[in-house]
Structures are given as C-alpha cells and as structure tokens.
Amino acid sequence: MAGDFLPAAELTASGRPVLKSGEVECSLLSAVDLLSEDNPTFPHLKSGLLILTTHRLLWLPSETTTRTETSAFVPLSVVQDIFSTKKSIKSMFHSPRIRFQVSTTPEGRVAESGGPKSVVITLIVRGKTDPDSFLSKFWDAWRGRAWEASGSQSGSRLEDGDGSTSGSLALRAPVVGLAGILRKEQEMWESTDKSLQDAFQDLNALMSKAKEMVMLAEKMRLKLLSGSNNQTSGTNDDEMGTKEEMQDWLLSVGIVSPVTKESAGALYHQQLSRQLADFVKIPLERAGGMINLIDIYCLFNRARGTELISPDDLLQACSLWEKFDVSVMLRKFDSGVMVIQSKTHSDEEVFARIKSLMMKPEALQNGISASDAAMTLGVAPAMAKEYLLAAEGKGLLCRDVSPDGFRFYINLFLELNPEDIYLVKEHSRYSTWIKAVSAR
C-alpha cells in the first residue's frame, strides 16, 4: 500500500537505513504515525520509527508491528512548505502533529523528481519525545538543501578581510589612568576573541575536510567492490590481494553518519546496536567468525572519529542483539572473557582443527600452548587459550599447569579400560600416543 504513494527505503541486515552519499542522520523519533488527513487514499503508517537525515525523512516499521508494512521515505527535495505548530487548548489533549506539504506526480505518488500536484502529510508523534526540537531540525535540514551540494562542498577557510592594525605602526592612544587600563583590558579581550574565532574556523574547516575524506573513502571502496565483481578470471593474485587490503583500509577510515546521543535521543543504544551489527561483519570474517570485544571497541571508535563511545555503551549495544534479528551475538566464556561471534560460527569446527593439531607427533609428545594454537587457528593467543579451555571443558583435552604456563594434551583417559589399563586398541589415540612417545 505504501509503495503506491511513497518510495521504498533500503535497509541493512540489522534494520538500519542505507544512507546515500553525503547523507547524515539528524534526529530520530519513535512511535510516529505518517498519514495524509486531506487524502483518504494515502497510506496510514502507524507507530514507526521516524529518521530525519540531511536528504530524506525515513519511516521504518517498529519491531512490535508486523513486517507487512514496508519502509518508506519522503525526499526533502519535494517538500514545499513546513507548517508551524499552533498552540491551543485543544492541542494539549492530543498527540503533537507536524504537518508539511510535498509535491506529487499527477497520480498522487511522492517521487524524488516532484510533480505538479501537492499533498499535505501529517506526522503524529505518540512517543515521549520533544517534537519542537525535531521540528527545528526539520527546518534546518530543509533549508540546508544538502542534497543539492552532496559530495561537492569543500571546506574553505574564511579569509580575514578586516584592516587590523594590531602590531602595525598605527598611532595608539596613550595608556593613562583608569580609562587607559580599561582600554588595555578591552584590547586584550578583543585579541583573545579573535584568536578563538580563528581557532574555531580552523577546526570547522578540519571537520569539513574529515567528512569529505570519509565520503571519498566510501566512494573508493564501493568502486573497488564493483570493479572486483567485474574482473576476469585471469586477474593476478597479487593485484587481488592489494585491492582487498585497500578495501579493508578504506573501511576503517570512518563511518559516514555515526549514531550519536544528540541525533538518536532515547533510541541511542538501540540504533547504536544496529549500526554496530552492520560494522562488525567484515572484522568477523577476517577474524574467522569470532573477535575480542576489546578489539571491536578500538576498531569501532576509530571508525567513528570524534564521536567516541564508552565501554558501557558498547556492552549495552551488544547486549541488545538478543532482541534484534541480527547475524551476530555476544558470547561470554567461563573465564569472563567476552567476544563477538557470528551466529553461523561453530565451535565444533574449531575443536576439529584443535584435535588435528593435537594428533601431530610433536604435540603428542610435548603438548601445545596457546601460542601454538593461535598460529594454527589464526587468532590472538588470548582467544586461542579460551578455545583450548572450552575444548578441555568438553573433555577433548587435558591441561598441565607449570611455571612455564599452560600446556594442553590430548585426553587419553576416555580410551582407557578401567578393567585392563594396559589394553591398547589399534588405530586409537592411545596407540598413536604410544608410538609418538616411543619414537623419542
């Protein structure tokens, strides 16, 4: 129904909107209805999540509603007017409403190209949020017209065109008496104020350049991805490896529109959890399906740039994955170490690789350490130790604790016969261990 009047919004696997080039989130509202009170045929979208960006106004169905309702958006480029809210006694007894007028096609469909007709769309805010703040940001985003200069704006440093005579040979009034002291204090304050203005201009220019670099890196990464899909089978392996490294480097440059408390409000941890679920996919693939929470904290904060998050925010965002339909999960080992792993990750596959490593003659004789397992599994020694302890808990390994640290051995007690401990079965792990020890 909504697809007949509003364009559909593309979402990620975690339910986050796929943003366009240069598009940044500005504000979020929960429990919002979108309808047209003047057009009864216009779809009535109930109790969804409303996301305001610099380019669009997106409506996403909530988790509690059925998935029959699809995500939709209204381009800010077709907005003709935003009506001011009128305060009255009647408005005190019903949910706040935000009304704006958009251009439509002759069929009444909202399209990015606009149209000759128009329709008034109403937003009914039912959640416990601040609609006035959202309306102010709505006005700012619409007046900013960022969609017209997307990807083309460059931060330029403002030139100082005032004919300042400080430090020159200009004549100065003599500093005499109380008036002179006050004049000197005023000059000092003016000099400090000018220095602060110059510093903030440099900072704004730096932030603008940083956003441009993030957008450029995203464009280069998408271009590399599209180029790798169209490559012929005769491509050099070294060239492919270089392109993969370039993609990983560009991915770590930054997130174009990080979720912040200012933009998301009460939905901060929920939206942060979804954005984190999208971000960890590539690091998880590189780490073999499991990665330490500390490593993700460093990678995610580096990608967010100046919008850093605290460890508590990260832990709370990971704990919310249980409520969402995402492909990752938070896992806590018995030792207390917490990791992020893919739901398709299987410990049995890891245990099989550990078992094959343990059956080598050198491992049968001397056992293995966490560093040895880390080299085979391709993970950090701390993660390899957790895998070995988990395998010990399953009864696959035995542990020897010495001043040199932990060493793990294959568990032979499972194959010993209590009635005849000297009985050795052919082609068993026990017989393999005896041959390896006898070969010393």
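The values are calculated or read from the model by the stated rules, or taken from the named source; none is laboratory data. Every value quoted in this text rests on a predicted model; they were computed, and no experiment measured them. Using ideal geometry, Cβ is built from the backbone for each residue, glycine included, and neighbour counts are taken over all protein chains shown. For accessibility, only protein heavy atoms count, side chains too; no ligands or nucleic acids. Shrake-Rupley method; radii C 1.70, N 1.55, O 1.52, S 1.80 Å.
Worth a mention:
- Accessible-area value, TYR409, 1.4 Å probe, nucleic acids and ligands omitted, Å²: 70 Å²
- Using the Cβ-Cβ distance between LYS184 and PHE406 with R0 set to 56 Å, the FRET efficiency from 1/(1 + (r/R0)^6) comes to roughly 0.20.
- Across LYS86/LYS137; LYS137/LYS323; LYS87/LYS137; LYS360/LYS385, pairs whose alpha-carbon gap is larger than 25 Å: LYS137/LYS323
- Using a probe of 1.4 Å on the protein chains alone, the accessible area found for ARG407 is around 70 Å².
- Probe 1.4 Å, accessible area per residue of segment 324-422, Å²: 57 Å²
- Each residue, LYS394 and LYS20, gets one label point 7 Å from its Cα in the Cβ direction; the gap between the two is 5.0 nm.
- Taking a sphere under 13 Å around the Cβ of ILE124 and counting the other residues whose Cβ falls inside, with K and R at +1 and D and E at -1, yields a net charge of +2.
- Length gained on full extension, LYS360 to LYS117: 79.8 nm, using 0.36 nm per residue less the C-alpha separation.
- Using a Förster distance of 25 Å, the FRET efficiency for THR344-SER371 (Cβ separation, nearest 0.05): 0.35
- Rounded FRET efficiency, nearest 0.05, which uses the C-beta distance separating LYS323 from THR432 and R0 of 41 Å: 0.30
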